Each structure stands twice: as C-alpha cells, then as structure tokens.
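Everything on this sheet refers to the single structure shown next.
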Amino acid sequence: MRYEVIVVGAGMVGTSIAWHLQEKKTKVLLIDRKSPGSETSYGNAGLIQREAIHIHPFPRQLFELLKIVPNNNTSIRYRWPALLHYRQALLQYWQFSSQHLVQKIEKEWQTLIEHCTCEHQKMITAANVENLIRRDGWIEIHRTETKFKAAVEVAKKSCDQGVNHQILSLKELQKLEPHCNFKGVVGAIHWLNSWQVSNPGALVKAYAKSFQNMGGEIRDSDVKKILPDGDGWQIITDDGIFYCNHIVVAAGPWSNQLIKPLGYDFPLFPMRGYHQHFKVQNENTINHSLVEVDKGFVMGPMQQGIRITTGAEMTLIDAKKNVGQLSDVVAFAKKILPLNDSVENEPWCGSRPCMPDMKPVIGAAGKHANLWLAFGHGHQGFTLGPITGRIIEELIHNKPTIVDVSPFNAQRFSKIE
C-alpha cells in the first residue's frame, strides 16, 4: 500500500499532523507501536498552556545548582548514567540558557504558543469533545513572598503577550478551592485563558478518531527501519512494509533512534515524569489544576481521579522506575488534600522529548527530500501539537506558514555522520 504521507508517532504531535494533512484530502497513514495517545500524551498534567510564553533554562546561578546537587529536590531529580550519557546535550542546554539567548529563544517560542488554544479549538470542534475541556484556567501557588512578588511582576508583563491572569489573595484562593489546606501559602496566580483537559489520552484518541472519520488510516505497528525508496520512502515494520511519498517522524523521545541510520544525530534527551491518581471524594474535590511552584508538581482533577504529576527526572529512557520523587511529592500533596486511596496499583511514567535550545524541531530534515521532522517540544507537546500539525501540513503542501519556521529548523543541530 502506498500513501501520500506516513506519520510515525501517534502522540499529540503526530496525531495532529496526521489530522491536518487528512483534513486537506491527503492520503495519510498514522503509525505507532501503541494506539494514539498512549505514551507521554496520556500522562501529562492535562493543560493547554496559553500562558507558557517562558521557557525553562538550565540553572546558571551557583545557589540554584547547589539546590539540585543533593538530588532530593522534588522539582528535578537525576541519575548519573543519564548525566554521563547526555553530557554533551546538557552542556549545550547550559550554554543556551544564558540571559541574552533565553530572551531571543522566548520570542521565537512565543510565536508557537500564541496559536495553541485556537488551533486546539478547531480539532476539539471537529472531534466533538467539548466535554473534555474546561476553560477556567489553572492556579499557580506560592509559599515564599520573594518568589511570589517576582512571579507577579512576570505575570503583569505577560498581558502584552495576550495572557490573562488574576492575582489571588489567600482568601480568594480558599474560596475557589474550599477543600484545600493552604497553610503556608502567601498567594497565587490564576492563569485565566489556559485550558484544562480532564483526560489527555482521550483527547488524543478523539483527534485520532476524527482523523479516521475523514478517511485517515491508523496502524499499531513497531517501525523497524525507514529507507529511501526512489522519490519516496519505505517503512519496514514488525508486521509489514509500507510506502509513501512523504514521511514525518514525530515519535517524541524515540525520534532520534529512527533517523540515526539515515545519518542524522540530534542532541535530543528525555526528561521523565511520573503520575498517580487518587480517588475523588467529597472532602478532596478540586475545581482547578493546582501547581505547587516551590515543590514542582501539579495536582489536577481528571476523569480517572485526582492526578498528581511530578516535575522532571533526568534518566535514561529505558531505565527502571524510581518512584522516590513521586512519593515525596504525594506526601506533600496529602498535606493539601486528603488523598487516601490510589486508583492504580503502580504509578505511570513517561518521557518528554527535550532539545538543548528549548525549541522543537519542525521542518524538513535537510539531507533527504520529503523527510519531515516534528519532535523536541519538551513539556509542551500536548499544548503545541495542533499548531505543529498545521505547520507541517503547510510545509508539505508548499504553502506560506502561519509562523516563521526558521528558528525551529532541523539543520541547526543535525550532524551528518
């Protein structure tokens, strides 16, 4: 079977790309070893973050680094094998985190973020899943006056970027979330035009179903090899061979291993996150996702229960689970809400695909014609999937792109072996 486009990777990014292409009457196959939305796109905090106009640079101040060194920080943990394995990428991450580079990168990053909710809305409407979306924002909680004041100043400046917010006193916060214990909290910021998703995996699956309803095909297959085939491509999987004119690699943290045999080597590295659900009862109901800034975790209302989502763990993608970070986070979360009964027997974990310059790779691979790349969105693949899908469709069909894609080009990091 030959397709116009095969998209490898059925997370939010890959599914959105396939959707946009199929919507323009392109014959598309979406292929992944698991069903759509079953990996990282399933396990995130469930936020479409219109407010995420700032990136997360590598700590450069000595006092910030010293907080991380003991490896007991609930926001970030690390394992030595990963630090050694990804040492070059991490060095680049540190280099790109200088103040003047961060300012430049953020301006480029914001060109994607500004379109996130309107591009999601097109797909939400087509997939008929308004029931999964809540448009009342999320709440950022602070426990130190210094950090809170600094965050308020940043929030005020964000108004110029189309981001709406409200500064909450402790009394106002308690009114919004009456079941929470906010002892020690000094204030909060309510980000108003970001959206909550009650089941992130279900949203991706709904987008995938909408793609199928337009005539797109989905196959659960493990891609073994990608090979040039004349003017197109041959994709060898564990259960068949498929052909296409264009191929898009959008396999998140697994993308690099798929294209490395073709001579590409990107400094892509994974950042793991964990989550666990707890049963909802009358005394622990919450209305918004709550982000504990000082402890670096999110607690949000989901269909499966109250989801506690950790920050990041720097580890190898196939490393065994280490639930120490999650356990510390849950212990703290239980001081805010009574979380008595866990839903799952075992916590979930997944890996976010990160690039050293904190920007995704979106565009033509460079060495091969009709090979397109879309990965490296870090913590924001769920937010940026639909706008990425639109851009890739525009590129493949040689249209003007909605944003300047040059800052996200693949050539900035590719190394030909």
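Determine which member of the set Lys320, Lys295, Lys334 is of a type in the set (Lys, Arg), out of contact with any helix residue (DSSP H, G or I) (no Cβ under 8 Å at 6 or more places or on another chain) and closer than 28 Å to Gly187 by Cβ.
Values: Lys320 fails: closer than 28 Å to Gly187 by Cβ; Lys295 fails: out of contact with any helix residue (DSSP H, G or I) (no Cβ under 8 Å at 6 or more places or on another chain).
Being of a type in the set (Lys, Arg), out of contact with any helix residue (DSSP H, G or I) (no Cβ under 8 Å at 6 or more places or on another chain) and closer than 28 Å to Gly187 by Cβ holds for just one of Lys320, Lys295, Lys334, which is Lys334.
Being among the acidic types (Asp, Glu), at pLDDT 95 or above and more than 30 Å from Gln212 (Cβ to Cβ), is that true of even one residue in the range 2-9?
Step one: of the range 2-9, the residues among the acidic types (Asp, Glu) are 4.
Still in the running and at pLDDT 95 or above: 4.
Then keep just the ones that are more than 30 Å from Gln212 (Cβ to Cβ); that gives none.
No, that holds for no residue.
Looking at (1) of a type in the set (Gly, Ala, Ser); (2) touching a His at 6+ places or on another chain (Cβ under 8 Å); (3) more than 21 Å from Ala312 (Cβ to Cβ), which is the only condition Ser406 fails?
(2)
How about the range 344-377: which of its residues are more than 22 Å from the chain's Cα centre (by Cα), in a loop (DSSP other than H, G, I, E, B) and at pLDDT 95 or above?
If the condition is that a residue be more than 22 Å from the chain's Cα centre (by Cα), in a loop (DSSP other than H, G, I, E, B) and at pLDDT 95 or above, then His368, Ala369, Asn370 are the ones that fit.
Counting just the residues of the range 382-406 that are within 12 Å of Pro360 (Cα to Cα) and in contact with a strand residue (DSSP E or B) (Cβ under 8 Å, 6 or more places away or on another chain), which one comes out surrounded by the fewest Cβ atoms within 10 Å (Cβ to Cβ)?
Taking the candidates together, the pick is Val405.
Select, from Gly240, Gly311, the only residue that is surrounded by 15 or more Cβ atoms within 10 Å (Cβ to Cβ), touching a Ser or Thr at 6+ places or on another chain (Cβ under 8 Å) and not β-branched (Val, Ile, Thr). Before the answer, list the steps.
Numbers: Gly240 fails: surrounded by 15 or more Cβ atoms within 10 Å (Cβ to Cβ).
Answer to the selection: Gly311.
Can you name the strands (runs of 3 or more DSSP E) wholly within the range 120-228 that have at least 1 residues being surrounded by fewer than 16 Cβ atoms within 10 Å (Cβ to Cβ), over 25 Å from the mean Cα position of the chain (by Cα) and free of Cβ contacts under 8 Å to residues at least 60 places away in the same chain?
Working: elements: 138-142, 165-168, 187-191, 195-197, 217-220.
The strands (runs of 3 or more DSSP E) meeting that bar are 165-168.
Just give me the residues in the range 315-331 being assigned to a helix (DSSP H, G or I) and either closer than 10 Å to Arg272 by Cα or hydroxyl-bearing (Ser, Thr, Tyr) (or both), in sequence order. Outline the logic, then answer.
Here is the first cut: in the range 315-331, the residues assigned to a helix (DSSP H, G or I) are 324-331.
Matches in the range 315-331: Ser327 only.
Can you tell me which of (1) in contact (Cβ under 8 Å) with a residue 60 or more places away in the chain; (2) among the hydrophobic types (A, V, I, L, M, F, W, C); (3) surrounded by 13 or more Cβ atoms within 10 Å (Cβ to Cβ) is the one Leu83 doesn't meet?
Among (1) in contact (Cβ under 8 Å) with a residue 60 or more places away in the chain; (2) among the hydrophobic types (A, V, I, L, M, F, W, C); (3) surrounded by 13 or more Cβ atoms within 10 Å (Cβ to Cβ), Leu83 violates only (3).
Given the criteria closer than 26 Å to Pro81 by Cβ and within 20 Å of the chain's Cα centre (by Cα), does Gly311 qualify? Walk me through it before giving the result.
Details: closer than 26 Å to Pro81 by Cβ: yes; within 20 Å of the chain's Cα centre (by Cα): yes.
For Gly311, the condition - closer than 26 Å to Pro81 by Cβ and within 20 Å of the chain's Cα centre (by Cα) - is met.
Looking at Val323, is it surrounded by fewer than 20 Cβ atoms within 10 Å (Cβ to Cβ), on the phi < 0 side of the Ramachandran plot, among the aliphatic types (A, V, I, L, M) and in contact (Cβ under 8 Å) with a residue 24 or more places away in the chain? Can you show your working first?
Working: surrounded by fewer than 20 Cβ atoms within 10 Å (Cβ to Cβ): yes; on the phi < 0 side of the Ramachandran plot: yes; among the aliphatic types (A, V, I, L, M): yes; in contact (Cβ under 8 Å) with a residue 24 or more places away in the chain: yes.
Yes: the conditions hold for Val323.
Looking at (1) of a type in the set (D, E, K, R); (2) farther than 27 Å from Ile133 by Cβ; (3) outside any strand (DSSP E or B), can you tell me which one Glu283 breaks?
Status for Glu283: all satisfied but (2).
The values are calculated or read from the model by the stated rules, or taken from the named source; none is laboratory data. Quantities reported herein were computed from a predicted structural model and do not represent experimental measurements. Reconstructed Cβ throughout: ideal geometry from the backbone, glycine too, with neighbour counts over all protein chains shown.
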